[in-house]
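Below: one structure, written as structure tokens.
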Amino acid sequence: MTTRYRVEYALKTHRRDQFIEWVKGLLAVPFVLYSEPTGVFGDGSSVRDMAAEAHRRYAEIMRDVELMIDDHMTRQGQDNAFPSKLGMLVPTAGPFFTRLPLEAAFKYQDRKRYISSRRYVAPSFNDVRLVLNSAQIMAVTGGALQLATFDGDVTLYDDGQSLEPSNPVVPRLLGGAVSDQLQDLLRKNIKIGIVTAAGYTTADRYYERLHGLLDAIAEAPDLDPIQKHNIVIMGGEDNYLFEFSPSSPHRLAPVPRERWLTPEMATWSEADITALLDVAEAALRDCVRTMNLPATILRKDRAVGIVPRDPEVRIARESLEETVLVVQRILEASALGFVANSTTNTTSPNSSSSNTHRRAVSNTTRPKVPFCAFNGGRDVFVDIGDKSWGVTVCQQWFGAGPGRSIKGENTLHVGDQFLSAGANDFKARSVGTTAWIASPAETVELLDELADLMQKKLS
Ligand code: IMP
Ligand code: MG
């Protein structure tokens, strides 16, 4: 690994979303040209004029990007097609599942965030991220959405917390916000998967984390038994499936692997899984030693991680990221594991093309077991498989029979970890559309937006 490579990739690229950065760069031009930082207070009309002009320019740019994505979509999936203009400008932009109404989404977010009225702060990464989320929500409403999958930590509850009243964030959720809205999705016959890295073998541990939601569904008088069964928990990224079971003490029943493993997952042998986790564990131990981390190793049957020795002590973010990158490199070099196809766009390749890609990878490098090494904020875990497999299992579970899985364009995964390395929701981009939120409160807003749009499109 050259120094240049380390600077360009290891130290920078994995902490950037190139597509979002590119859009942000385009919006910076009208900001620089049309913002009026010298305007004085009380000069209302010139500030309003400036905002109107900035709004028009920003909206035009979003419209242009929207059309570029349309063009990109006509070429994606064609083997020998000349690359699209977008593909040339942002080489990491993968194929998209749905078109994205970016102009309309920008106008919606501008009404909420007053982006065009700002004179000192240019359109930011978060502005663009939220515009992309709105565009994706607009694209899947109107009948397309069949499956919504949610990450757990940071998406439904604060990191390491649970859906329970003692959590400072959760009262709002229990007060009706998230649990009500999720019930609302079920009421609309949309299937739900909670796809979390948290890997437990038994139902009681998931009940502990999710009981606020599970109890609310069990007790909802207006959900019929079929609707109540339209939720599954997929734990350990893709390793443990639980179906809803209102009569069992923990509201959940484990589903044996032979009922849900995809044919590709069924080829991952126990011996290869153990060998991969052994190499990962040795690499983690090395990191703990060389960086003198206040951490201990946690080995599970489908994962291995480092967690703080004292829950009160935080391991430095830089050390966690270094650990992820070291372990990832060692595993890739070991020929025991492989990281499935990576993309950095906000939406993602359709499921058939990503499956084709997986097969192509397996033919050329003969990978044994895919894995996901990620920085969980306070810990680092290496899990067998990743969320692309977890979401795929949900698509297959709720699909209408063999070979009729729910498609990527009918799936929305909501998560907080979408940077290209050391983030686990990122992998879901290869099998469905995605929304990138930054907190449980943003998830609530996103669900409000979704419900609102569905209602409008219905009426
Ligand atoms: P997620 O955000 O719901 O995907 O959960 C990620 C968090 O789950 C990690 O940051 C860990 O703290 C925790 N966790 C617990 N068990 C596991 C495991 O087996 N693998 C990965 N993460 C785990
Ligand atoms: Mg998370």
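Each reported figure results from applying straightforward, stated rules to the coordinates on display, with no laboratory input. Here the structure is a predicted model, which means the values were calculated and not measured. Note: ideal-geometry Cβ built from the backbone for every residue, glycine included; neighbour counts use all protein chains shown.
The string of couplings for the range 407-419 from the Karplus curve (6.51, -1.76, 1.60, θ = phi - 60°) is 7, x, 6, 9, 10, 10, 9, 10, x, 10, 10, 10, 6 Hz, one whole number per residue in order, with x for Gly and Pro.
Give the separation of the Cα centroids, the range 370-414 to the range 243-269, in Å. The range 370-414 and the range 243-269 have Cα centres separated by 14 Å. Cα to Cα, under 18 Å, and not fewer than 8 places away if on the same chain: which lysines meet these conditions relative to K228? Once the sequence-local lysines are set aside, what remains near K228 is K188, K191.
Here each label is just a point 7 Å from Cα along the line to Cβ, and for E332 and D184 those points are 4.2 nm apart. So if I take the centroid of the Cα atoms in the range 188-228 and the same for the range 63-91, what is the distance between those two points in Å? So the separation of the two Cα centres works out to 39 Å. Couplings 3J(HN,Hα) for the range 113-121, derived from phi with the Karplus relation 6.51 cos²θ - 1.76 cosθ + 1.60 (θ = phi - 60°), are 10, 6, 4, 5, 7, 7, 9, 10, 10 Hz, where x marks Gly and Pro. Rounded to the nearest whole Hz, the Karplus-based 3J(HN,Hα) values (6.51 cos²θ - 1.76 cosθ + 1.60, θ = phi - 60°) of the range 227-244 follow the sequence 4, 5, 8, 8, 10, 10, 10, 10, x, x, 6, 7, 10, 9, 10, 10, 9, 6, with x at glycine and proline. How far apart, in nm, are the 7 Å Cα→Cβ label points at T274 and E36? In this crude label model, T274 to E36 measures out at 7.3 nm.
What residues have an amide H closer than 5 Å to that of T149, excluding those fewer than 5 places away on the same chain, when H is modeled at 1.01 Å from N in the peptide plane? When sequence neighbours closer than 5 places are left aside, the close amide H contacts are G193, L412, H413, V414.
On the basis of the beta-carbon distance and an R0 of 22 Å, D224 and R259 show a calculated FRET efficiency of 0.40. Counting every other Cβ atom within 10 Å of each residue's Cβ, K112, K300 order from fewest to most as K112, K300.
Within the straight-line cut-off of under 25 Å between alpha carbons, the lysines reachable from K112 are K24, K456, K457, sequence neighbours fewer than 8 places apart in one chain being disregarded.
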